[in-house]
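A.B. asks: Have a look at the structure that comes next, please.
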């Protein structure tokens, strides 16, 4: 029985990971990490009996300890707790489903302890790919993608020679505002932006899908994950979200992974790789599927992708600034403190203000993130 830990167990990916655990019955959850949702975390503790559970705030930890005092579980808090979770001796694999750069240090700690990583935290590779991938290679650790797009590419590459890859094609739904103009976007609300046409995801990633920032982050992540130059990664809008991504090879053949929009599939594939397991749910019905359409992304209106490409080409700490600025801007938009189009302005201003450090270490990456937050708070 494979033993796993889940960093971000109460979020969208975390809860769906636990759905996969329930359905299969041969995975043991030895550790859970969450943010502030102690009510759901308590339910998870009672159902899955982990040996360790972590929340961010010590006050929440005190409350949780009292709630589960009848159980044999250790409750910790903060970064020290997350690092202990990452280093659990009995764990074989950690699912990194937490949002934000808070997942960076625990992910590196787990890799240093030889744990395989089921990676759903984009920030890990976006901001520190140059540290993570060599560290994983040094410790003989597998980085198994959980994002549907990266999982699709990973599946298409299975058994293939990576030297024969011509291009990676990352698909996008286009989000809830596909086809709208900047004038039309001026008045959209968080409620509007959270109505994704195909996927059921957490709030931040849903907003990132609406701005196309999410595709930019995925391009930046794919660069490190698959060791492919930026110029050989292309974004294609596929509104039906049936084709999850594709790989073009040197002979012109294109391999695509298709399926219904269900995040449990890439989660389960990562947890059991290279084995495939049966999975309940809908299937693509090709008799009912009326069309598959493709479009070029509108990067003039939805500037998240073009700003991400600028940051990726600049390299170094610029990717950190792009990510941190977007994170803070999305948080402000969700609280109705800024308009939708202000997200792009905040990112661009933060990037223009930043002086790039080309080969940052972990401390310098975290410092660049904090400086970006402080600069934004001082202006917005």
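A.B. asks: Please figure out what share of the DSSP beta bridges in the chain is antiparallel and state it in percent, rounded to the nearest 5.
C.D. replies: Roughly 30 percent of the DSSP beta bridges within the chain come out antiparallel.
A.B. asks: Tell me, how many Å apart are the Cα centres for the range 186-227 and for the range 147-166?
C.D. replies: First find each Cα centre; the distance between them is then 22 Å.
A.B. asks: Share of Cα-Cα pairs in the range 93-197 beyond 19 Å, in percent?
C.D. replies: Percentage above 19 Å: 58.
A.B. asks: Starting with the fewest neighbours, write out 340, 294, 322 ranked by other beta-carbon atoms found within 10 Å of each beta-carbon.
C.D. replies: Ascending number of Cβ neighbours within 10 Å: 294, 340, 322.
A.B. asks: Another question about this same structure. Once you have all Cα-Cα distances for the range 139-203, histogram them in 5 Å bins from zero and send the whole-percent values.
C.D. replies: 3, 12, 17, 16, 14, 11, 11, 8, 5, 2, 0
A.B. asks: Take every Cα-Cα pair in the range 187-276 and report what % of them are more than 14 Å apart.
C.D. replies: 75
A.B. asks: Place the peptides 261-267, 225-231 in order of packing, highest mean first, counting for every residue the other Cβ atoms within 10 Å and averaging per peptide.
C.D. replies: Averaged packing, sorted descending, gives the order 261-267, 225-231.
A.B. asks: Arrange the peptides 90-97, 119-126, 268-275 so that the one whose residues have, on average, the most other Cβ atoms within 10 Å appears first.
C.D. replies: 119-126, 90-97, 268-275
A.B. asks: Here is a further query. When the C-alpha atoms of the range 1-116 are aligned to their principal axes, what extent does each axis show, in angstrom, from largest down?
C.D. replies: Principal-axis extents of the range 1-116 (Cα, largest first): 33, 30, 25 Å.
A.B. asks: Springs between alpha-carbon atoms under 10 Å, Gaussian network over the chain: tell me which of 12, 63, 166 tops the mean-square fluctuations.
C.D. replies: Greatest mean-square fluctuation among the candidates belongs to 63.
A.B. asks: Shape call for the range 124-280 from the C-alpha gyration tensor, a ≥ b ≥ c root eigenvalues: rounded (a/c under 1.5), prolate (a/b greater than b/c) or oblate?
C.D. replies: Prolate.
A.B. asks: On to the next question. At a 10 angstrom cut-off on C-beta neighbours, averaged per residue, how do the peptides 205-213, 157-165, 185-193, 15-23 rank from highest to lowest?
C.D. replies: Most protected by this proxy first, the peptides run 205-213, 15-23, 185-193, 157-165.
A.B. asks: Under 1.5 on a/c is rounded, so check that first for the range 252-380, then, if it is not, pick prolate when a/b is larger than b/c and oblate when it is not; a ≥ b ≥ c are the square roots of the alpha carbon gyration tensor eigenvalues.
C.D. replies: prolate
A.B. asks: Using alpha carbons only, how many angstrom separate the centre of the range 70-132 from the centre of the range 301-354?
C.D. replies: 25
A.B. asks: For the chain, what relative contact order do you get, as a whole percent, if you take Cα pairs closer than 8 Å and at least 6 residues apart?
C.D. replies: Reported as a whole number, the value is 15 percent.
A.B. asks: If you don't mind, there's one more thing I want to ask. Just want to confirm a number: the relative contact order over the range 206-287, from Cα pairs under 8 angstrom separated by 6+ residues, in percent.
C.D. replies: 16
Computed from the coordinates by the stated procedures, all read-outs in this text should not be read as laboratory data. Model, not experiment: these values are computed from the prediction. Cβ: placed from backbone, ideal geometry, glycine included. Neighbour counts: every protein chain shown.
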